[in-house]
Amino acid sequence: MSNPPPDDGSLRYVPDGPKISVLPGHTTDYSHATFCIEEEDHTLGNALRWMIMKNPKVEFCGYSMPHPSEYKINLRIQMYDNASSLDALALALKQLDDLAGAIEEEYNASLEGGEWEQGEDGEMDLEGAKRYAAEVKKRREKEAKEGR
Amino acid sequence: MPEEIHPHRLVHIASERVSHVSSTDYPGHWPGESYTWDLEFFRKSLQVDVKRLTPTTIDFDLVGTDAAIANALRRIMIGEVETIAVENVWVWQNTSVMQDEVLASRLGLVPLRINPARLESWTPNAVPTDANTISFEVQVTCTSRPFPPRGSTDPSELYENSSIYASHLRWKPVGAQAALPDWLADPPSVAKPDIVLVKLRPGQELNIEMHCVKSCGRDHAKYSPVATATYRLLPYIQILKPIPEQLQAKFMQSFSPGVMGKRRNKQEEWEVFVKDARKDTMSRNVFLYPEFEGAVKLTRVRDHFLFTIESAGQMAPNAILPEAIAVFRRKLRTVSKALDELMHPPEDAEPEVQEGGMELDA
């Protein structure tokens, strides 16, 4: 059962527990376990599932959203040779971060290459885009400093 | 000829069905092929090509990754990239024919061109400050023009302020906002000045104050930075046997214009070739004719995504994907941190109660 909505009139989802927890029924060595990740959906669930399945030590990985109005996912991992599913999950998170970084680098390189077609509805305001990017960078640096 | 594509990467398209849809790039699926994650290999095979960039849209190709990743980016662009929109409206005076709540709803939907990095995210029950709120106001009265053209029935000639546009929204700096150089270089404004909000007639008046906050499309569609964010797979067409000259026109017409081309081969005969498969809509009309049976194989490339992103106006189209990637990485960091705490609980914390752990027979 999920918690009732908050009394501020909004329909905001209130998490049942910590961001990530191990559901009952796991093996004592965590080689077979189901994780519950709060406030995540198919966006992270499917990406994680794909990356975990790319690990050769993984026997099975699958995820589900137990209910569409509960903002959480259940992620099942089963490992070969009693390896730890926690390690597999941590590794996949790291690998997905590398992947996202690689995509961003390629995208920026392609934008800077400038070999794209212009549209009929005018030219991009590239100077404005530069000012925009500078502001975003400033913000990110500030957030990184505050450890967010 | 287009480059040769590994058959494992192809989604097959038949006249009444599609097959080989699911990806098979996992260890242990194909004998002799590893498919274990390898960052260096991924970097080499990954391609991101911006194809077209206009003030409103960007088209780019994302090649070499799975639908799980492409879809995650698409979902984040629609629902989780934060932008700034009108959230609270104070209607001090509204004598127009439009009800207050309808007008307020319309104001909420006006896209605002404000760099979202300037504000803190809004949290329910937060106190509005210059760090999390931007204020706009509309103060207009409709009046009759003193000397309208004789016989005119056009309201814009007869009256002043007969139509209220998005451009009537005026930014009202609060606190330190008016003193920040970034804000003065690009002051908060509406993205499209020519949106009609309401029409007034002489004597009618609007006096409205709006608070704009930062939130995401999951909260309300008005915060979504994209009008559309979609992808499709690259079509890949193989002609398996030569098409006789008398059937070539019919063959070429069963594809979208520009997909097929005609050229002379080495024997100086006309032959049909695939000129630009990207333009095909996969109509499969070619399968209607028995004479083309076995002549062509229609497929799509499973890991070649053709993205089209149309900005709703809040940010430049090229800035949306990097924002989405940043959101994705923040999600990963949050889960990583939580997992770390789960694996190595702080010393002073209560030991985690083991619920129902059991031995599995090896």
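The values are calculated or read from the model by the stated rules, or taken from the named source; none is laboratory data. Keep in mind the model is a prediction, meaning the values are calculated, not measured. With ideal geometry, Cβ positions are generated from the backbone for all residues, glycine too; neighbour counts draw on all protein chains shown. These accessible areas exclude ligands, DNA and RNA; they are computed on the full protein's heavy atoms, side chains included. Shrake-Rupley method; radii C 1.70, N 1.55, O 1.52, S 1.80 Å.
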Just to be sure before I move on: is A:TYR63 more than 7 Å from every other protein chain (Cβ to nearest Cβ), open to solvent by 70 Å² or more (accessible area, probe 1.4 Å) and in contact with a Lys or Arg (Cβ under 9 Å, 6 or more places away or on another chain) in the structure I sent? no
For B:VAL21, which of the numbered conditions (1) touching a helix residue (DSSP H, G or I) at 6+ places or on another chain (Cβ under 6 Å); (2) among the β-branched types (Val, Ile, Thr); (3) within 20 Å of A:THR43 (Cα to Cα) fails to hold? (1)
Please go through the range A:1-54 and give me each residue that is surrounded by 14 or more Cβ atoms within 10 Å (Cβ to Cβ), over 29 Å from B:ALA67 (Cα atoms) and within 7 Å of another protein chain (Cβ to nearest Cβ), ordered by number. A:HIS26, A:THR27
Of the residues B:ALA191, B:ALA221, only one is among the aliphatic types (A, V, I, L, M), over 30 Å from B:PHE292 (Cβ atoms) and open to solvent by 30 Å² or more (accessible area, probe 1.4 Å); which? B:ALA221
Given the conditions (1) within 7 Å of chain A (Cβ to nearest Cβ); (2) touching a His at 6+ places or on another chain (Cβ under 8 Å); (3) surrounded by 19 or more Cβ atoms within 10 Å (Cβ to Cβ), report the number of the one that B:ASN71 does not fulfil. (3)
Since B:PRO257 meets every condition but one in (1) assigned to a loop (DSSP other than H, G, I, E, B); (2) surrounded by 13 or more Cβ atoms within 10 Å (Cβ to Cβ), which condition does it not meet? (2)
Out of the range B:100-118, which residues are of a type outside the set (D, E, K, R) and crowded, with 17+ Cβ neighbours inside 10 Å? B:LEU103, B:ALA104, B:LEU107, B:GLY108, B:VAL110, B:PRO111, B:LEU112, B:ILE114, B:ASN115, B:PRO116, B:ALA117
Condition check for A:ILE37: of a type outside the set (Ser, Thr, Tyr), within 14 Å of the chain's Cα centre (by Cα) and on the phi < 0 side of the Ramachandran plot: yes
Considering every residue within the range A:57-67, establish whether at least one is hydrophobic (A, V, I, L, M, F, W, C), under 23 Å from A:ASP98 (Cβ atoms) and in contact (Cβ under 8 Å) with a residue 40 or more places away in the chain. no
Checklist (1) open to solvent by 60 Å² or more (accessible area, probe 1.4 Å); (2) in contact with a Phe, Trp or Tyr (Cβ under 6 Å, 6 or more places away or on another chain); (3) among the aromatic types (Phe, Trp, Tyr) applied to A:TYR71, failing item: (1)
Against the definition (open to solvent by less than 50 Å² (accessible area, probe 1.4 Å), of a type outside the set (Ser, Thr, Tyr), more than 7 Å from every other protein chain (Cβ to nearest Cβ) and over 30 Å from A:SER21 (Cα atoms)), how does A:GLY114 come out, yes or no? yes
Assess whether B:ASP186 counts as being open to solvent by less than 70 Å² (accessible area, probe 1.4 Å), in contact with a Gly (Cβ under 8 Å, 6 or more places away or on another chain) and touching a residue at least 24 places away in the same chain (Cβ under 8 Å). yes
List pairs: first in the range A:89-103 and of a type outside the set (A, V, I, L, M), second open to solvent by less than 10 Å² (accessible area, probe 1.4 Å), Cβ under 7 Å, 6+ apart or cross-chain? A:GLN95/A:MET51; A:ASP97/B:LEU332
Restricting the range B:119-130 to residues that are more than 7 Å from chain A (Cβ to nearest Cβ) and of a type outside the set (Ser, Thr, Tyr), the residue that is surrounded by the fewest Cβ atoms within 10 Å (Cβ to Cβ): B:VAL127
I'd like to check something: does the range B:28-38 contain any residue that is in contact (Cβ under 8 Å) with a residue 60 or more places away in the chain, farther than 30 Å from B:LEU169 by Cα and open to solvent by 40 Å² or more (accessible area, probe 1.4 Å)? no
Of the conditions (1) in a helix (DSSP H, G or I); (2) open to solvent by 50 Å² or more (accessible area, probe 1.4 Å); (3) under 30 Å from B:PRO31 (Cβ atoms); (4) among the acidic types (Asp, Glu), A:ASP98 fails just one. Which one is it? (2)
Look through the range A:117-133, keep the residues that are touching a helix residue (DSSP H, G or I) at 6+ places or on another chain (Cβ under 8 Å) and of a type outside the set (Ser, Thr, Tyr), and return whichever of them is surrounded by the fewest Cβ atoms within 10 Å (Cβ to Cβ). A:ARG131
